[in-house]
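**Q** I have a structure I would like to understand better, so I am pasting it below and will then ask my questions one at a time.
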Amino acid sequence: MAVKRSRVNMQGPDSRNIGGLKEHNVPAAFCDAVRIELPDHVQLHISGQTPVDDDGNLVGDNMKDQPRHVLARIKRIFEHEGGTMADIVRFRVYCTDISPDVLRQVHEARNEVFGADQRPASTLVQISGIIREGAMIEIDADAVIDR
């Protein structure tokens, strides 16, 4: 059986209000997620999500609000594709700061979404910057959704 792949775009293929692309009218060369349909399940690979609204404007200016907004964006993509946050099997979190207070805030936000029996495998790393000016966190995710 051939594997069916499809691209998920919650936003258009425009510049997504990313500085450096928007100014030069260059479309963003990524989609929000890739859906892979297999006989008994669907794999969903979500691109890194940043704390922006649907127009690409930054939401929140702290690590209390930004992770919650990113998680809400990820949840919306999963729901659009027929999944839930419980279907996530892998999470990668990129932060510009991993001080103890920031780690606490990120994990508080994650604990609001994931119960003790739903926590995915995860990586959290500190990076020097994120593509969105003022963004402090980016998260990507992979999921397995039963048919």
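**Q** May I ask you to verify whether GLY48 is within 21 Å of MET136 (Cα to Cα), out of contact with any Ser or Thr (no Cβ under 7 Å at 6 or more places or on another chain), assigned to a strand (DSSP E or B) and open to solvent by 10 Å² or more (accessible area, probe 1.4 Å)?
**A** Spelling it out, GLY48 is indeed within 21 Å of MET136 (Cα to Cα), out of contact with any Ser or Thr (no Cβ under 7 Å at 6 or more places or on another chain), assigned to a strand (DSSP E or B) and open to solvent by 10 Å² or more (accessible area, probe 1.4 Å).
**Q** Give me the residue from the range 16-56 that is among the aliphatic types (A, V, I, L, M) and within 14 Å of the chain's Cα centre (by Cα) and, out of that set, farthest from PHE78 (Cα to Cα). Show your work before the answer.
**A** Restricting attention to the range 16-56, the residues satisfying the condition of being among the aliphatic types (A, V, I, L, M) are 18, 21, 26, 28-29, 33-34, 36, 38, 42, 44, 46, 52.
Narrowing further to those that are within 14 Å of the chain's Cα centre (by Cα): 33-34, 44, 46, 52.
Details: ALA33: 9, VAL34: 11, LEU44: 8, ILE46: 9, VAL52: 17 Å.
The qualifying residue farthest from PHE78 (Cα to Cα) is VAL52.
**Q** Report whether or not VAL106 is within 15 Å of MET63 (Cα to Cα), touching a helix residue (DSSP H, G or I) at 6+ places or on another chain (Cβ under 6 Å) and of a type in the set (A, V, I, L, M, F, W, C).
**A** Judged against the criteria, VAL106 is a match.
**Q** What number of residues within the range 73-100 satisfy the criterion of being assigned to a helix (DSSP H, G or I) and either in contact (Cβ under 8 Å) with a residue 24 or more places away in the chain or surrounded by 14 or more Cβ atoms within 10 Å (Cβ to Cβ) (or both)?
**A** 10
**Q** Still on this structure, I have one more. Any idea how many residues of the range 113-147 are assigned to a helix (DSSP H, G or I) and exposed (fewer than 11 other Cβ atoms within 10 Å of the Cβ)? Working first, answer last.
**A** Residues of the range 113-147 assigned to a helix (DSSP H, G or I): 113.
Subsequent filtering for residues that are exposed (fewer than 11 other Cβ atoms within 10 Å of the Cβ) retains none.
So the answer is 0.
The values are calculated or read from the model by the stated rules, or taken from the named source; none is laboratory data. Fair warning: this is a prediction, and the values are worked out from it, not measured in the lab. Here Cβ is always computed from backbone atoms with ideal geometry, including for glycine, and neighbour counts include all displayed protein chains. All accessible areas refer to the heavy atoms of the entire protein, side chains included, with ligands and DNA or RNA removed. Shrake-Rupley method; radii C 1.70, N 1.55, O 1.52, S 1.80 Å.
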